[in-house]
Amino acid sequence: MVYRFRCQHCSFVVWSASKDALVDAVGSHVLDHHRQRVTKHDFRLRWDCPYCESTGQYHGLDDGIEKLKRHLLDHVTSLVESGVHVTDNIDGTGNVLVRSPHGSAASDNARVHLLSPGDIVVFVTTAPDERLRLLHDELREWPAQTVIVTTKSDVLENVSGIDSSEMPLELVQLDGRLGLSGLGETLSRVIKEYEAAAGRIAVEFDILSELIEKFDLRTVFKLLHVLGQRAKRADALAHYHIDSRARSESTINILGKAFDLSVRARGQRFVSESPPGTG
């Protein structure tokens, strides 16, 4: 569970497990909304508050801006909610696009948060050893079932220090020559296998960037739409990771239309600048 702030003036939403990290982002965002309240008179900076009758005058620009930021925070911190999940606005099911640098701590933070509600965890990945290590190190206990869908063989060979006998694990081997339709059918079959089981299904899809490199954008978009509908029918939560540094903004924006929620993972924070639940 994390803290959340939803702006009352725009579609900006930020979440973080650290309240300090969240408040810092909130302060900067609220300040951006009210910079027109800052003026200069005779080498002095002056501001007036949009929420109350307070004003301030300062000789130092940085000092005056920081004081306004803190003052605005006093007005909006009551809007910070605790004990929430990033996907609460989409009822904990559906499809989430996670934009973050590949291999970053921000990506792993997003993985842990989005996988934590899952009783049945499904990975579609080319790095199964890294994903199993993350589960082992970050979750309090193994999910009731973990499914690895991958082209890699000998998945457990590179996972040291983990007793695989304690891990409820199914390995689904993919043929590297398999097309998008075959990939979609395989993942749909895995979801169907566990759909009637007790517990919630969480799916992590790591290979979106690779698919964009191999296939045309229209075909990838169709796959995302089909998988998205399949996840919703199973009341599953699926999240797809894309390397925000390696893909153009236009490509990400096109793909974003296939998702219920799109977030940027930044350090300890998740930021959404589009209305949750309208993807």
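A short reminder: the numbers here are calculations on the coordinates, not readings from a lab. Predicted, not measured: the structure shown is a model, and the values here were computed from it. Positions of Cβ are generated from backbone atoms using ideal geometry, with glycine treated the same way; all protein chains shown enter the neighbour counts.
Extending 7 Å from Cα along the Cβ direction at residue 112 and again at residue 195 yields two label points whose distance is 3.3 nm. For the range 81-184, the Stokes-Einstein estimate of translational diffusion at 4 °C and a viscosity of 1.567 mPa s comes to 85 µm²/s, using the Kirkwood hydrodynamic radius over alpha-carbon pairs. Placing R0 at 22 angstrom, the Cβ-Cβ distance between residue 250 and residue 104 gives a FRET efficiency of 0.45 after rounding to 0.05. Maximal additional length on extending the residue 215-residue 180 stretch stands at 11.8 nm, based on 0.36 nm per residue less the C-alpha distance.
Counting Lys and Arg as +1 and Asp and Glu as -1 over every other residue whose Cβ lies under 9 Å from the Cβ of residue 240, the net charge comes to -2.
The distance between label points at residue 157 and residue 140 comes to 3.7 nm (points 7 Å beyond Cα on the Cα→Cβ vector). Think of the range 54-135 as having a plus end and a minus end, set by charges on the Cβ of Lys, Arg, Asp and Glu; of 123, 73, 100, 100 sits farthest toward the positive end of this dipole.
If each residue of separation counts as 0.36 nm, what is the full-extension length gain between residue 39 and residue 165 once their alpha-carbon separation is subtracted?
Taking residue 39 through residue 165 to full extension adds about 38.7 nm, to one decimal.
Between the DSSP loop rule and a limit of at most 15 other Cβ atoms within 10 Å, which trypsin sites (Lys or Arg not before Pro) in the range 205-256 are left?
Values: sites: 214, 218, 222, 230, 232, 233, 245, 247; in loops: 245, 247.
In loop regions of the range 205-256 (DSSP not H, G, I, E or B), the sparsely surrounded trypsin sites (Lys or Arg not before Pro) are 245.
In a Gaussian network model over the chain where Cα atoms closer than 10 Å are linked, find which of 215, 205, 12 has the largest mean-square fluctuation. Of the options given, 215 has the highest mean-square fluctuation. Shown here is the pair-distance distribution of the range 87-272: with all Cα-Cα distances grouped in 5 Å bins from zero up to the longest one, the shares run 1, 8, 18, 22, 23, 17, 9, 2, 0, 0 percent. Loop-located GluC sites (Glu not before Pro) in the range 41-140 (DSSP state other than H, G, I, E, B) with a sparse environment of at most 15 neighbouring Cβ atoms within 10 Å: 53. Among the chymotrypsin sites (Phe, Trp or Tyr not before Pro) within the range 24-73, those in coil by DSSP and having at most 14 neighbouring Cβ atoms inside 10 Å are 43, 51.
Give me the extension gain from residue 82 to residue 18: residue separation times 0.36 nm, minus the current Cα-Cα distance, reported in nm with one decimal.
Values: separation 64, 0.36 × 64 = 23.04 nm, distance 1.04 nm.
Value of the extension gain: 22.0 nm.
Extents of the range 16-82, taken as max minus min of Cα coordinates on every principal axis and listed largest first, are 43, 22, 14 Å.
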